[in-house]
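Before any comments, here is the structure.
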Amino acid sequence: MDFIIDVLTLLHDRADFFLNLVFQHLQISLIAILIATILGLLLGIWISEHQKSSNLVIGIVNFIYTIPSISLLGFLIPFSGIGNTTVIIALVVYALLPMVRNTHTGITNINPAIIEAAKGMGSTKMQILWKIKLPLALPTIMSGFRNMVVMTIALTGIASFIGAGGLGVAIYRGITTNNAVMTFAGSLLIALLAFFMDFIFGRLEKALTARRPNAKRKVFVEIASAAIVVLLVFAMLFSNLFGKTDKVIHLATKPMTEQMIIGEALKMIIEQESDLTVEITEGVGGGTSNIQPAMEKGEFDIYPEYTGTGWNAVLKEKSIYHESMFKELQDKYKEAYDFSWVSGYGFNNTYGIAVAKDIAQAYNIKTYSDLAKYTPQLTFGAEYDFYEREDGYEALQSAYAFNFKETVDLDIGLKYQSIQQGDVDVIVVFTTDGQLNDDRIVVLEDDKNFFPSYMAYNVVRNETLTKYPELKEILDQLENKISDSTMARLNYEVEVNKKEPKQVAKEFLDELGLLKE
Amino acid sequence: MNTIIEFKHARKSYGDHVVIPDLNLKIEKGEFVTLIGSSGSGKTTILKMINGLIPLDAGNVYVEGKDIASEDLICLRRNIGYAIQGSGLFPHMDVEDNIAYVPNLLNKKDKQRTRKAVEKWIQVVGLERDLLDRYPDELSGGQQQRVGIARALAASPEILLMDEPFGAVDDITRHMLQDEIKRIHEQTGVTIVFVTHDIREALKLGTKVIVLEHGEIAQYDTPEAIQQAPANDYVKQLISDK
Ligand SMILES: Nc1ncnc2c1ncn2[C@@H]1O[C@H](COP(=O)(O)OP(=O)(O)O)[C@@H](O)[C@H]1O
Ligand SMILES: [Mg+2]
């Protein structure tokens, strides 16, 4: 019950945000529906007239339909990039099956005697199609169409996964920032939207196929058709879906709470200090692996990245990265991509070891080496993953000569609860975890630099830096302004206190005195 | 008398199966020709050769003196009425639209004229005007056949082709429909080619009867002549079934 109230409150408080998402959602899905309807009808009609090709075509369409949407998107990204084009292509491809299949079934199931009668009376092929075949196939086509509409609206929810808009943004943001209310609100709206559209088209179908259309029905058909046309035209005209305006910085973030906060902060400060507009593509699914190619193509200009990730995942270096290698990292990026690492934020999002504060104080433990002396009395907890990794538990144990009394597998969601309840004494954490913003827990110092370094910077295209020379200075305003614990605190505001990333970013800039009124 | 339909050495086969080996036939204008034969003897095939639904393998078919092979088939068909078994009415159109189908193909703009034709023909086939906005599945079998005939005649064709049009109705209705089509023939003077497998129907309706045996004409004559002098055993057998 409380949950429902939370959802309703959120929808009410953030009505603008959701309304905008609903509109984007409709835009993307309606364009896909329109294209799929035309293509599907044409293809369906064509294979009905050329029966020999029908098995092959339906086979292909059927096969495509069974490809999981995530793989299809992954497959399309290298060709059509991140964003709306790819999403619309994917949606159209899925929507084809119900349209093609139902058009074909509807036409081929017509009693051949009726078609022969029409032919024998002197109808042309086109007249047979328009006057006989399509009207008789209409109920079957409509059921495929409605099916397709509902499916497309639901599937548009994945759009945000690759940086397009729509209600998926709410769902995805909810998942990334651990906000179930947000996720549910987005899903609910998608369901309502699908239901609503199906209702409209259901009424339209009834009105269209009514035997003796009365005046009321006729009016309804006219109004509904007009509304759909207006909506479509509106969607087309006002879509900035494909166009790119000048003086726009395209900023991408990975699906992580801290990236969303930083993204919002960057947008605010860049737009305040210059006449540039920042367009954020929030939480791009797959993170670096999808953002990097889009950066190379120039679809994005800037995104927050971690040094260790750049070294291993982008440059594909095998060695472990430490900050002493920063110059090398910078040079390799310049040479390979003509990107720069600029204005490091000052925090390091890497593995860390946290200890319950009472224990740390009792034994005066500050570093990993301090901890090593007391391990025989302590219980260690980490997620299953950490024991499996090559650079995980075993490597750590031998680097510092740890010898814990006991080691425990913990669910990543329950890690912090376990240490607070005293079930374990030591846990492995990420150094900017929101839950670290808790004075019962202390993060120790990795005095032998065991864990690779993942310092957060902006990766920017040099082309962008040259085109907008003012940008570098603006980015520098945030240089070294965020420590590990500050980042953890900001994450905490979003993940635990359920504040909006934008709000948290604003409050933080305000704290730093960077906001002008 | 002038010939309106003529077959010259018409031939049709499906693979090895020769359906019509060599057909020579003249039909005079204004006749009511019934075409009788057992199932599979090629009646429908002959009928569909006239409106070009089935192309010939060899030979020629002439309609009003012109070889249909060199005619525009769409145009030809619009001037030949076509009624088939089970009426073949369009289920998504009401009676009016069904009857108006060919007139609409011919003169889309002239709604007035089409409407007049519809009203005329619904009366000619003996139906009430208030059936005009009914749909085929809201009619009895007999009513459907009548609409089928009205539709075939709506554009006032010179020729009417009918393929077992009364095959699917009960005896009483069939008798009424037979009387009706005979009256229409007398009233309009349209040339009718009427396929049936019922010898009584063939003899009752036809001014001429063609008896078909394995795609070949066993006898082509008036009903009286056929009854008095059957040409062979098959015809004899056929009329004795009567
Ligand atoms: N499309 C076709 N393919 C193969 N054989 C056919 C085809 N149409 C008709 N036939 C054959 O031609 C013969 C004559 O058919 P039809 O003219 O329909 O006979 P009827 O109308 O006298 O019953 C039948 O043996 C039938 O099986
Ligand atoms: Mg037949």
So if R0 is 56 Å, what FRET efficiency would A:ASP423 and A:ASP331 give, r being the distance between their Cβ atoms, rounded to the nearest 0.05? 0.75
Any idea which of A:PHE196, A:PHE450, A:VAL504 is furthest toward the positive side of the dipole for chain A, if Lys and Arg beta-carbons carry +1 and Asp and Glu beta-carbons -1? A:PHE196
Amide H contacts under 5 Å for B:GLY37, restricted to residues at least 5 apart in sequence or on another chain and with H modeled in the peptide plane, are B:THR196, B:LEU212
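Figure the gain on full extension for A:LYS125 and A:ILE35 (residue separation times 0.36 nm, minus the Cα-Cα span) and round it to one decimal in nm. Don't skip to the answer; put the middle values down first.
Values: separation 90, 0.36 × 90 = 32.40 nm, distance 2.48 nm.
Full extension of this stretch gives 29.9 nm more.
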With label points set 7 Å from each Cα along the Cα-to-Cβ direction at B:ASP170 and B:GLU119, the distance between them in nm comes to 3.4
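Mind checking the dipole of the range A:358-465: about its Cα centre, +1 per Lys or Arg Cβ, -1 per Asp or Glu Cβ, Debye to the nearest 20? All intermediate terms of the calculation are to be shown ahead of the outcome.
Working: 8 positive and 20 negative charges, 61 e Å.
The dipole magnitude comes to about 300 debye.
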With Cα springs under 10 Å, the Gaussian network model of chain B assigns the largest mean-square fluctuation among B:SER70, B:SER41, B:SER156 to B:SER70
For the range A:187-203, Karplus couplings with θ = phi - 60° (6.51, -1.76, 1.60), whole Hz, Gly/Pro x: 5, 4, 5, 4, 4, 4, 4, 4, 4, 5, 5, 5, 4, 4, 5, x, 5
Modelled FRET efficiency - R0 56 Å, B:SER39 with A:ILE60, Cβ distances, 0.05 increments: 0.85
Give, in nm to one decimal, the length gained when the segment between B:LYS26 and B:LYS109 is fully stretched (0.36 nm per residue of separation minus the Cα-Cα distance). 26.1 nm
Run the Debye formula on the Cα coordinates of the range B:68-209, all scatterers equal and no solvent, and tell me log10 I(q)/I(0) at q = 0.11, 0.12, 0.14, 0.22 1/Å. -0.38, -0.46, -0.62, -1.48
Label point distance in nm, A:ASP2-A:ASP476, each placed 7 Å from Cα along Cα→Cβ: 5.0
Relative pair counts by distance (%), Cα atoms of the protein assembly as shown, 10 Å bins: 2, 11, 16, 15, 12, 9, 8, 8, 8, 6, 3, 1, 0, 0
Given the options B:ASN232, B:VAL195, B:GLY215, identify the residue whose Cα lies farthest towards the positive end of the charge dipole of chain B (+1 on Cβ of Lys, Arg; -1 on Cβ of Asp, Glu). B:VAL195
Using a Förster distance of 30 angstrom, determine the FRET efficiency expected from the C-beta separation of A:ALA113 and B:GLN237, and round it to 0.05. 0.45
Relative to the longest principal axis of the C-alpha atoms of chain A, give the angle of the C-alpha long axis of helix A:2-13, reported between 0 and 90° and rounded to the nearest 10°. 80
Considering the dipole of the range B:2-90 built from charges on the beta carbon (Lys and Arg +1, Asp and Glu -1) around the Cα centre, which of B:GLY59, B:VAL33, B:PRO21 is farthest to its positive end? B:VAL33
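Need one word for the range A:419-517: rounded, prolate or oblate. Basis is the Cα gyration tensor (sqrt eigenvalues a ≥ b ≥ c); a/c below 1.5 gives rounded, then a/b vs b/c decides. Spell out each step's value before the answer.
Numbers: a/c = 2.94, a/b = 1.61, b/c = 1.83.
Verdict is oblate for the range A:419-517.
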Just the Cα atoms of the range A:24-163, one point each, no solvent: what log10 I(q)/I(0) does Debye give at q = 0.12, 0.14, 0.16, 0.19 Å⁻¹? -0.52, -0.66, -0.81, -1.02
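In debye to the nearest 20, how big a dipole does the range B:130-242 give about its Cα centre with +1 on each Lys and Arg Cβ and -1 on each Asp and Glu Cβ?
Values: 11 positive and 20 negative charges, 52 e Å.
So the magnitude is around 240 debye.
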For the pair A:THR9/B:GLU138, report the inter-label distance in nm, with labels modelled 7 Å from Cα in the Cβ direction. 5.8
What is the magnitude of the charge dipole of the protein assembly as shown about its Cα centre, with +1 placed on the Cβ of each Lys and Arg, -1 on the Cβ of each Asp and Glu, and no other charges, expressed in debye to the nearest 20? 3780
Residue by residue through the range B:177-187, the couplings from Karplus 6.51 cos²θ - 1.76 cosθ + 1.60 with θ = phi - 60°, in Hz, x for Gly and Pro, are 5, 4, 4, 5, 5, 4, 5, 4, 4, 5, 5
Gaussian network model of chain B, Cα within-10 Å springs - most flexible of B:PRO91, B:PRO230, B:PRO103: B:PRO91
Just checking the output field for B:103-110: average partner chain Cβ neighbours within 10 Å of each residue's Cβ? 1
Tabulate in residue order the Karplus-calculated ³J(HN,Hα) for the range A:16-28, using 6.51 cos²θ - 1.76 cosθ + 1.60 with θ = phi - 60°, rounded to whole Hz; enter x for Gly and Pro. 4, 4, 5, 4, 4, 5, 4, 5, 4, 4, 5, 4, 4
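Below 13 angstrom from the Cβ of A:LYS332, what's the summed charge of the other residues (Lys, Arg +1; Asp, Glu -1)? Show your work: numbers first, answer last.
Details: positive: A:LYS316, A:LYS327, A:LYS334; negative: A:GLU317, A:GLU328, A:ASP331, A:GLU335, A:ASP338.
Computed value for this residue: -2.
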Counting only DSSP beta bridges with both residues in the protein assembly as shown, tell me the antiparallel percent, nearest 5. 55
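Figure the gain on full extension for A:GLU463 and A:SER369 (residue separation times 0.36 nm, minus the Cα-Cα span) and round it to one decimal in nm. Write down the numbers at each step before the final one.
On the way: separation 94, 0.36 × 94 = 33.84 nm, distance 4.55 nm.
Fully extending the segment from A:GLU463 to A:SER369 adds 29.3 nm.
Quote the convex hull volume per residue of the range A:296-364, based on C-alpha atoms, as a whole number of Å³. Provide the component values of the computation, followed by the final result.
On the way: hull volume 9.3 nm³, N = 69.
Hull volume normalised by residue count: 135 Å³.
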Which pairs in the list A:LYS448/A:LYS498; A:LYS318/A:LYS502; A:LYS131/B:LYS204; A:LYS131/B:LYS116 are over 30 Å apart, alpha-carbon to alpha-carbon? A:LYS448/A:LYS498; A:LYS318/A:LYS502; A:LYS131/B:LYS204
Using only the alpha-carbon atoms, how far is helix B:111-124 inclined from the longest principal axis of chain B? Give it as 0 to 90 degrees, nearest 10. 60
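Read-outs throughout are calculated quantities, based only on the coordinates presented, and are distinct from any laboratory measurement. Quick caveat: nothing in here was measured; it's all calculated off a predicted structure. Reconstructed Cβ throughout: ideal geometry from the backbone, glycine too, with neighbour counts over all protein chains shown.
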